[in-house]
Amino acid sequence: MTLFAIAIPLILLIVVVEVAAIALNMTGLDMRKARFQALSAVTATGFTTEEAEDVVKDGKRRKIIMSLMIIGFIIWASLTSLIINAFITSHKLIPTIIQLSALLVIFVVVLYLARYRPFVKRFRGVVSGYLARRTTLERKSIDEVLRLAQGYGIAEISLTKDSKNVGLSLKDASFRQMDILVLAIERDNEIIPAPHANDILKENDTLICYGKLENMQEIV
């Protein structure tokens, strides 16, 4: 019973971080940066970076981070209490070691699922769809200026070395087929506005895109 009581907060912690990262991403923050900020908030670790400033200056992002900090504190407090209680109430060392080993296995499995792309893709789709229906995380100012259709918005997409679009030109990449328009490319701290169709995409490029949010989630 103690094992499952400890496992639940651990699993909940991972889920909460991922949901918060998706919510931050829906406000226009790059998914990689969103996950970093969510993890920083839930672990109560402060980072004075430009990314953190982008979060603090935005009202919706600030509310997400504040909620995450409160939830994180509650989960960490509960987890600490459960672990201490497990050691106090356990009178034998062997059962305790077995429980900790089983807990470690559960934690590794959850982390594996968190990195398993088909599962992550499905999870993000469900969460982002729910948040899109229940909240107004998309920036209203962008909606008003561009008169976006429902389900469309602007977001950042970071290209990693594993991205299938790295090394391709914009015209050969998969963005056009997915109704995604690349407005600009951020490369080596420089902005390339209105990139041409023949521009080659490189690893570590950050693309500022306009298109269907669901499709942009799939590319990430």
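Observations on the structure shown:
- When residues of the range 67-84 are limited to those that are among the aliphatic types (A, V, I, L, M) and free of Cβ contacts under 8 Å to residues at least 12 places away in the same chain, the one farthest from Leu12 (Cα to Cα): Ile84
- Taken over the range 106-131, residues that are within 14 Å of Ile11 (Cβ to Cβ) and of a type outside the set (Ser, Thr, Tyr) amount to 10.
- When Ser163, Ser174 are checked against the criterion of being part of a loop (DSSP other than H, G, I, E, B), crowded, with 17+ Cβ neighbours inside 10 Å and at pLDDT below 90, Ser163 stands alone in meeting it.
- Selection from the range 104-136 of residues that are among the hydroxyl-bearing types (Ser, Thr, Tyr) and either surrounded by fewer than 14 Cβ atoms within 10 Å (Cβ to Cβ) or part of a loop (DSSP other than H, G, I, E, B) (or both): Tyr112, Tyr116, Tyr130, Thr135, Thr136
- Cβ-Cβ distances below 7 Å connect the following pairs, each with a first residue in the range 202-220 that is within 16 Å of Ser163 (Cα to Cα), a second residue that is among the polar types (S, T, N, Q), and a separation of six or more residues or different chains: Glu203/Thr160; Thr206/Ser158; Gln217/Ser128.
- In summary, strands (runs of 3 or more DSSP E) completely within the range 179-220 and bearing 3 or more residues that are surrounded by 20 or more Cβ atoms within 10 Å (Cβ to Cβ) occur at 180-187, 206-212.
The values are calculated or read from the model by the stated rules, or taken from the named source; none is laboratory data. Since the model is a prediction, treat every value here as computed from it, not as a measurement. Here Cβ is always computed from backbone atoms with ideal geometry, including for glycine, and neighbour counts include all displayed protein chains.
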